Each structure stands twice: as C-alpha cells, then as structure tokens.
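> Could you have a look at this structure, given as structure tokens, before my questions?
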Amino acid sequence: MSMSDISTESELTVAEEEEDRINIGLYIGGRNAAGQRHGRGWAILPNGDQYDGQYRQGRRHGIGLYVFKDGSRYYGCYRCGHRSGRGIFIYPDGSMYEGCWRKNIKHGKGRYKYVNNDCYMGNWYRGLRHGVGVYCFKSEQCGELRFKGTWRMGVRVGPFQIFYGDEDRSTILHGTWDNEYPQGPAVFTFDQRYMLMGFFQTPGMTYKVKKSEGDTEELGGEVETERNENGVYVDVLPSQWFAQDICCYDYAQLPQEPVPLPLSDSEVSVCSLSTVPTELTLQRSILYVGEAEEEGEGECVECIPCEGVSESEIETESERICSQQADPCAIEIISEPKEC
C-alpha cells in the first residue's frame with residue numbers, strides 16, 4: 001500500500017425521526033403532561049429501526065442506542081434529536097467511528113477504524129478529516145506505518161512525518177505534502193542517530209540545491225505526461241526521492257512538524273454547520289433510510305434548552321474531550337460554509 005492509497009471515506013447520511021405525524025411506530029416509555037415522549041423510552045420505528053434511550057419533550061435527548069434494520073448501530077449522546085456529543089457508530093461493513101459528533105456529523109476529535117484495519121485518529125470538521133491526525137496502515141514492503149500530518153477538509157497538506165518500525169528502533173521521514181505527493185526538502189532520521197538529507201522532486205519542477213558556499217546545482221528530470229479528455233497535458237508521475245548527504249542527527253535541521261489549522265472562536269464553541277451538499281450528502285445511491293420519516297432538507301429545527309443534560313456520563317466525557325464555550329445546542333445552520 002502506497003502513501004497515496006490512504007482512504008478518503010465519507011459517512012453515510014442518516015435522516016432523523018419526526019414524531020409529529022400519525023404513523024410513528026410503537027413506543028413504550030415515559031411521557032410528560034403534554035403527551036410528548038419524555039424520559040426513558042423504547043421505540044420501534046415504522047421502517048424497522050429501534051431506539052432505546054432518553055427522550056426530552058418528544059425528541060431523543062441524552063444517552064441512547066439506535067439500531068438500524070441493516071445491523072448498523074449508534075450508541076452515545078443525543079441533543080435535541082441529533083447525534084451530538086460523544087458516541088460510537090458501527091457501520092454495516094464493520095467500520096467504526098468513535099468520537100465527537102455535532103448535528104449528526106463527525107465534528108471534533110475522533111477515531112475511525114476502517115474495514116481493512118486502517119485507522120485514523122485526530123480532528124474532524126464537518127464530517128471530514130481536518131487538522132492534525134495520525135493515519136495507521138500497513139505496507140507490503142515496509143510493514144506497519146504511521147502517517148502524522150495535517151488535513152484540510154479531507155486533503156493532506158503541509159508538514160508530515162511517516163514512522164517506520166516501532167518506537168525503540170524507528171525510521172522517520174520528515175517532509176512537506178502538497179498536490180497529492182511529498183515535495184521539497186525532506187529528511188530521513190534513523191534511531192535519532194543519523195540523518196539522510198534530500199528532497200522530493202515534484203513532477204514538472206526543478207530544484208536548486210546549495211552544495212557549498214557560492215555554488216548551486218540544478219536537479220531535475222524528465223516528466224512523463226499524457227493528454228486528458230480536455231486536451232490538456234497533465235503529469236502522471238509521482239514525486240521522486242533524491243538523496244544528498246548523510247550526517248549525525250541534528251534536531252535543528254529537521255523540517256517543521258505538523259501544526260493544527262486555525263479555527264475561529266465561533267467555529268470551535270458554536271460549531272456552525274452547513275446544510276450545503278457535500279460528499280456526505282451527494283452519495284444518494286447508498287443513502288440510509290432514515291430514522292422514521294425524513295426531515296426536510298435545510299429545515300431549521302428549534303433547539304430545546306439543555307439545562308441538566310450534562311449529568312449524563314457520556315456527555316460529561318464528551319465535554320472533556322470536545323470542550324465548548326457556549327450552549328452546545330446553539331448550533332447555527334447557515335447557507336454557506338465558512339472558509340477555514
């Protein structure tokens with residue numbers, strides 16, 4: 001498995017339940033004075049899905065277990081009818097996500113284990129890998145590898161580190177990722193004793209490397225190209241590694257380490273999410289049948305005040321991992337996503 005084979009998954013969307021219609025299935029549990037589902041309850045929805053957990057004023061609110069008729073299931077925290085807080089979602093193919101949610105979308109810190117046993121641990125934003133994370137996978141040539149880097153809306157960018165071997169005797173590649181390949185100066189370190197200096201040559205680019213004071217050397221290579229369907233020539237070769245020099249380990253000569261992406265205070269505390277279609281909502285061919293009736297797209301649901309909800313053990317843990325500075329239910333739905 002090559003570095004370019006790292007999976008780019010997308011969560012299958014799940015429409016939410018509306019309980020103000022006639023056909024709402026079977027329900028056994030508590031109700032309030034207004035006749036709304038309130039407290040602990042168990043429901044079998046018209047489509048065969050089941051929910052066992054807490055309700056508040058007619059909406060799922062608190063800790064609950066939702067089991068889909070296809071076998072996939074979610075266990076964790078609900079707020080105002082949405083998966084919000086910390087929870088575990090097991091998908092039909094056996095892949096699993098455990099971490100923070102905001103309005104049914106992976107948002108915050110979390111771990112996603114894929115069906116092929118690859119694993120990503122790190123930050124999520126609006127359902128996509130965003131920020132610093134670690135992706136673990138196996139290669140036939142090198143065994144188990146760990147890629148630590150920065151993602152921007154699901155795409156790898158900026159400084160990265162690739163760890164080969166175990167922690168005691170490891171080889172680490174330090175470099176910069178851009179345009180689907182590593183590029184520019186890079187360093188291999190061996191057990192923090194030796195360093196192999198070099199660079200990755202991006203297709204179509206030439207690097208000038210300083211050999212000694214006053215001297216430079218141009219290093220380049222032929223790039224194979226092919227014409228695409230629009231008649232434009234495009235590069236087809238990945239970047240290539242060119243070694244330069246080997247020396248003793250010197251931390252000061254290492255490239256920059258992966259750094260988090262900045263987010264505004266409003267995006268961290270309020271978690272404003274967008275209803276603009278993304279790769280999560282465009283996969284209509286594999287869309288789940290929702291939890292009972294579907295909600296109208298883009299409909300703004302009024303949120304119930306959340307006083308007293310933090311007493312649940314899962315929410316307490318989620319608030320420690322995904323700290324917030326404002327009412328966790330104050331999630332604004334906007335027409336366009338903000339740029340990060």
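> Label segment 111-180 by shape, choosing from rounded, prolate and oblate, from the square roots a ≥ b ≥ c of the eigenvalues of the Cα gyration tensor; if a/c is under 1.5 it is rounded, and otherwise prolate applies when a/b is larger than b/c, oblate when it is not.
Oblate, because a/c is 1.5 or more while a/b does not exceed b/c.
> Further question on the same structure: What's the FRET efficiency of ARG111 with ASP70 using the Cβ-Cβ distance as r and R₀ = 22 Å, to the nearest 0.05?
0.45
> Which entries in LYS69/LYS138; LYS69/LYS103; LYS106/LYS148; LYS109/LYS148 show an alpha-carbon gap greater than 25 Å?
LYS69/LYS138
> Kindly state, to the nearest 0.05, the FRET efficiency for GLN244 paired with ASP166, given R0 = 45 Å and r defined as their beta-carbon distance.
It comes out at approximately 0.95.
> What percent of all Cα-Cα pairs in segment 12-161 falls into each 10 Å bin, going from 0 up to the bin containing the maximum distance?
The calculated distribution, bin by bin, is 11, 35, 28, 16, 8, 2, 0.
> Taking the mean number of other Cβ atoms within 10 Å as a proxy for protection, how do you rank 71-79, 151-159 from highest to lowest?
Ranking, from highest mean packing down: 71-79, 151-159.
Every number here is computed from the coordinates shown, using simple stated rules; none is lab data. Since this is a predicted model, take the numbers as computed values, not measurements. Quick reminder, even Gly has a Cβ in these numbers, built from the backbone with ideal geometry, and neighbours come from all protein chains shown.
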